[in-house]
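Note sheet for the following structure.
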Amino acid sequence: MAFTVAIDGPAAAGKGTISRAIANRFGFEYLDTGLLYRATGAKVAAGMAPLEAASSLTPEDLARGDLRTAEAGQAASRVAAMADVREALVAFQRDFARRGTGAVLDGRDIGTVICPGAEVKLFVTASDTVRADRRWRELADPSLTRDAVLEDLRARDRRDRERAAAPLRPAQDAVVLDTSQMDIDAAVSAAAARITAALG
Ligand code: CDP
Ligand code: CDP
């Protein structure tokens, strides 16, 4: 039986960083589900219909180099509000969750919709100013101000929280991990402790 770790939360909370470290430490597979929406958004920006874009994703689409930009994030959150796009991506994510001895999936609706039976559910968050600061440093784009990154994250979080289809919210049984005051090592340790406890 595969062990599933669901990691959800708002933009730039540290979900991916924690997920990769957890996957390494426990030998689990890792899926960044945000990439599915970013790649779909990029294909829509290039003129494809949303449902067709989501239904035809290839490994090459997911490997594009331009999916981490703020524009790609906004395009992702627009297609992510479409129920038919989300539905088209469910089977791939659920199949992935059954891979190997265990899998970590990070996104917005893993604990609530994709893997409601996940053995560990974490909702990773931090204040919006801390998250914006982290993303601003990460992007290291001299044309971007800290305030512009903050506005971008706020707009995306609002759209993700207020949509009808699989809105961003912690699952009832999720453990909330506020990393505002935690460095990466502290956040990874806190997440790993939950997994070690659940593995028994
Ligand atoms: O996946 P998500 O968008 O939630 O966040 P991420 O890409 O893992 O992290 C965003 C940035 O914050 C990265 O540059 C991380 O190195 C950094 N980070 C941090 O400084 N402190 C943490 N506790 C977690 C992440
Ligand atoms: O790394 P960051 O948290 O900034 O974004 P991401 O995880 O790559 O997700 C990009 C966008 O995809 C989010 O703002 C959501 O609109 C959407 N998304 C979603 O709706 N459901 C998921 N499971 C993952 C991402």
* Do we find that Leu62 is within 25 Å of Arg169 (Cα to Cα), more than 9 Å from ligand 2 (Cβ to nearest atom) and either open to solvent by 20 Å² or more (accessible area, probe 1.4 Å) or under 17 Å from the mean Cα position of the chain (by Cα) (or both) in this structure? -> no
* So which pairs qualify, if the first residue must be in region 5-34 and on the phi < 0 side of the Ramachandran plot, the second must be in a loop (DSSP other than H, G, I, E, B) and open to solvent by 30 Å² or more (accessible area, probe 1.4 Å), the Cβ gap must be under 6 Å, and the two must be at least 6 apart or on different chains? -> Asp8/Arg108; Glu29/Arg99; Glu29/Gly100
* Of all residues making up region 71-95, the number that are more than 12 Å from ligand 2 (Cβ to nearest atom), among the hydrophobic types (A, V, I, L, M, F, W, C) and surrounded by fewer than 18 Cβ atoms within 10 Å (Cβ to Cβ) -> 1
* To do: Scan the helices (runs of 4 or more DSSP H) fully inside region 96-200 and keep the ones with 3 or more residues being of a type outside the set (Val, Ile, Thr), open to solvent by less than 80 Å² (accessible area, probe 1.4 Å) and within 13 Å of Lys15 (Cα to Cα).
  => 128-139, 184-199
* Structure fact -> Of the residues in region 20-59, those that are open to solvent by less than 30 Å² (accessible area, probe 1.4 Å) and more than 30 Å from Ala198 (Cβ to Cβ) number 7
* Selected residue (criterion: farthest from ligand 2 (Cβ to nearest atom)) from residues of region 1-45 that are farther than 14 Å from Ala103 by Cβ and assigned to a loop (DSSP other than H, G, I, E, B) -> Gly14
* To do: Return the pairs, sorted by first residue and then second, in which the second residue is assigned to a strand (DSSP E or B) and open to solvent by less than 70 Å² (accessible area, probe 1.4 Å), the first residue lies in region 124-137 and is within 22 Å of Pro170 (Cα to Cα) and within 11 Å of ligand 2 (Cβ to nearest atom), the beta carbons are less than 7 Å apart, and the residues are 6+ apart or on different chains.
  => Val124/Ile7; Val124/Leu177
* Structure fact -> Within region 54-95, restricting to residues that are within 16 Å of ligand 1 (Cβ to nearest atom), in a loop (DSSP other than H, G, I, E, B) and aliphatic (A, V, I, L, M), the one that is farthest from Arg161 (Cα to Cα) is Leu67
* Met48 passes all but one of (1) part of a loop (DSSP other than H, G, I, E, B); (2) within 14 Å of ligand 2 (Cβ to nearest atom); (3) of a type outside the set (Lys, Arg); (4) farther than 19 Å from Ile114 by Cα; which number fails? -> (2)
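The values are calculated or read from the model by the stated rules, or taken from the named source; none is laboratory data. Keep in mind that this is a model prediction, so the values were computed, not measured. Neighbour counts run over all protein chains shown; Cβ positions are idealised from the backbone, glycine included. Just the protein is used for accessible areas: all its heavy atoms, side chains included, with ligands, DNA and RNA removed. Shrake-Rupley method; radii C 1.70, N 1.55, O 1.52, S 1.80 Å.
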